[in-house]
Amino acid sequence: MPLHKLEHFDQNYRDTFGGDDLKALDLYTDGGDRVGSVADVLVDDDGHFRYLIIDISLDFVSKKILLPIGLCRISYPERRVYVDGLSRQQIEGLPDHTEDAIVNNDYEEKVRSVFRSPSSGVTYDRDTYNYQKDPDLYGLNEQSHQTFKLYEERLIANKQRIKTGEVTVGKHIETDTVSVTVPVQKERVLIERVTPTEAGKAINPNELQFQEGEVARIEVYEETPEIHKEAFVREEVRVKKVVERNTVEAQDTIRREELDIDTVGNLDVQ
């Protein structure tokens, strides 16, 4: 069965594992000694983990090796991968894994032979071999310590500001024809010729005074209307926004995973 690098098999593998990245973990022995870091993961066609590609960084050797997944215990909270008793002899006996290495059945058997227990009783036949024959090397699901996540859905409320309309306030000019009344006065001269009461009565010659050029002058006026336009503030318009606040309630169905524990026999489970 061909093997694939994890990222080639699932480009979104970080989302699949809830944001955890196995390739960012360091490799420790159970005694707490750091022996390297995880460079990559090899999976089969079904997505089962088969090997960790470990970048070994010890004083006596520096190389990349394949480590069967069943020999590891992954602790995401500690961001570590633990391996029990990875010895110098085992590291030196493993092929140096390179990017162009062809991981075929014979290559894998070289790796398995280094870690396989002499008492396993497994006889290798490249035509009939499968990973189930080496549960100690590939049985990740049979590890003593396993971690899995319980998920739940939550309703997340956010707000988005959207434009719902626009109000434009402007002004324009309207014209009207109006009339105004202005009272005016105009003077005129009225000349009257009347017969005096003393008409026909003789005048004393001594009192008679004939004068030439006697003139009576009267000034005559009239009013003319003067009309002009002036601008006045008629009205003031104020434009402003007010915010109305409402509470919107939304309902939906969410899911939550709960833990089911089935036991057989008289066990003390905490």
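The values are calculated or read from the model by the stated rules, or taken from the named source; none is laboratory data. Because the structure is predicted, anything quoted here is derived from the model rather than measured. Quick reminder, even Gly has a Cβ in these numbers, built from the backbone with ideal geometry, and neighbours come from all protein chains shown.
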Verdict on Tyr221 being within 30 Å of Asp46 (Cα to Cα) and not charged (D, E, K, R) | no
Somewhere in the range 229-250, is a residue part of a loop (DSSP other than H, G, I, E, B), surrounded by 10 or more Cβ atoms within 10 Å (Cβ to Cβ), modelled with pLDDT of 80 or more and not hydroxyl-bearing (Ser, Thr, Tyr)?
-> no
Positions within the range 165-223 being aliphatic (A, V, I, L, M) and closer than 30 Å to Glu236 by Cβ, in sequence order = Val167, Val169, Ile173, Val178, Val180
Considering residues of the range 181-202 that are among the basic types (Lys, Arg) and in a loop (DSSP other than H, G, I, E, B) only, the residue modelled with the highest pLDDT = Arg188
Hey, among the residues in the range 76-93 that are among the aliphatic types (A, V, I, L, M) and outside any loop (DSSP other than H, G, I, E, B), which one's farthest from Tyr28 (Cα to Cα)?
-> Ile91
Asp96, sole failed condition from (1) in contact with a His (Cβ under 8 Å, 6 or more places away or on another chain); (2) of a type outside the set (Val, Ile, Thr); (3) assigned to a loop (DSSP other than H, G, I, E, B) = (1)
Could you list, in sequence order, all residues of the range 174-191 that are free of Cβ contacts under 8 Å to residues at least 40 places away in the same chain, touching a strand residue (DSSP E or B) at 6+ places or on another chain (Cβ under 8 Å) and surrounded by fewer than 10 Cβ atoms within 10 Å (Cβ to Cβ)?
-> Gln185, Lys186
Residue by residue through the range 19-32, note down the ones that are in a loop (DSSP other than H, G, I, E, B) and either farther than 19 Å from Arg50 by Cβ or charged (D, E, K, R) (or both).
-> Gly19, Asp20, Asp21, Asp30, Gly31, Gly32
Filter result for Gly31 (free of Cβ contacts under 8 Å to residues at least 60 places away in the same chain and surrounded by fewer than 18 Cβ atoms within 10 Å (Cβ to Cβ)) = yes
For the range 33-72, which residues satisfy the criterion of being under 19 Å from Ser87 (Cβ atoms) and assigned to a loop (DSSP other than H, G, I, E, B)?
-> Asp33, Leu58, Asp59, Phe60, Val61
Picking from Ala231, Ala216, Ala199, the residue that is within 30 Å of Lys171 (Cβ to Cβ) and out of contact with any Ser or Thr (no Cβ under 6 Å at 6 or more places or on another chain) would be Ala231
Is it the case that some residue within the range 10-21 is surrounded by 14 or more Cβ atoms within 10 Å (Cβ to Cβ) and closer than 24 Å to Asp136 by Cβ?
-> no
Residues located in the range 69-93, provided they are more than 20 Å from Phe17 (Cα to Cα) and under 48 Å from the mean Cα position of the chain (by Cα) | Leu71, Val83, Asp84, Gly85, Leu86, Ile91
So is Ile102 under 23 Å from Phe9 (Cα atoms), of a type outside the set (Lys, Arg) and not in a loop (DSSP other than H, G, I, E, B) or not?
-> no
For the range 126-141, what are the residues that are surrounded by 10 or more Cβ atoms within 10 Å (Cβ to Cβ), modelled with pLDDT of 85 or more and outside any helix (DSSP H, G or I)?
-> Tyr129, Asp134
Those residues of the range 37-67 which are under 14 Å from Gly93 (Cβ atoms) and either of a type outside the set (A, V, I, L, M, F, W, C) or free of Cβ contacts under 8 Å to residues at least 12 places away in the same chain (or both), in sequence order | Lys63
